Amino acid sequence: MRNKKKIAALAIAAALVVGTGTAAFAYWTTTGSGTGSASTGTSGTVTIAQTSTHANLAPGAAAQTISGTVSNPAAASSSVYVTKVTVSISSVTKAANVSGTCDATDYTLSNADMTVGSDIAKGASANFTGATIAFKNKAENQDACKGATVNFSYAAS
């Protein structure tokens, strides 16, 4: 009978420990709420450099391909996605001592939007190509454009 009493006493003690543990767990359970925030960075400025050279543009000569690189500076805060680079004729500089008019209308710029489609990591670059420049062959004297320089502008988006 003593063993039965000991077993019963142990069972009662175990039940009390489990019950107390459950009560302690229930006591420490709680709920709460709070707030927080996060901020996003800003994109930096990329650098665009023309890598192609164009010489001897003349009436009837073949169009020449424009190409270059778009670079994300190493000091940038993050990578940037560049969809395309667009080229335009910003001005035409006539050669010295040449009379007459020479301007952007004397040239044909084709396929001005050049696809890049690249996520450029900081310190990295991507290539672009595809636009062409040609000298228009007009039915008039174009001597005013001899020795002229066509100046381009580039924009990334």
Extreme residue, surrounded by the most Cβ atoms within 10 Å (Cβ to Cβ), among residues of segment 124-157 that are touching a strand residue (DSSP E or B) at 6+ places or on another chain (Cβ under 6 Å) and aliphatic (A, V, I, L, M): Ala131
Matching residues, segment 98-157, being touching a helix residue (DSSP H, G or I) at 6+ places or on another chain (Cβ under 7 Å) and assigned to a strand (DSSP E or B): Phe135
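Where a number appears in this text, it was derived from the coordinates with a stated rule and is not lab data. Everything quoted here is computed from the prediction, not taken from an experiment. Reconstructed Cβ throughout: ideal geometry from the backbone, glycine too, with neighbour counts over all protein chains shown.
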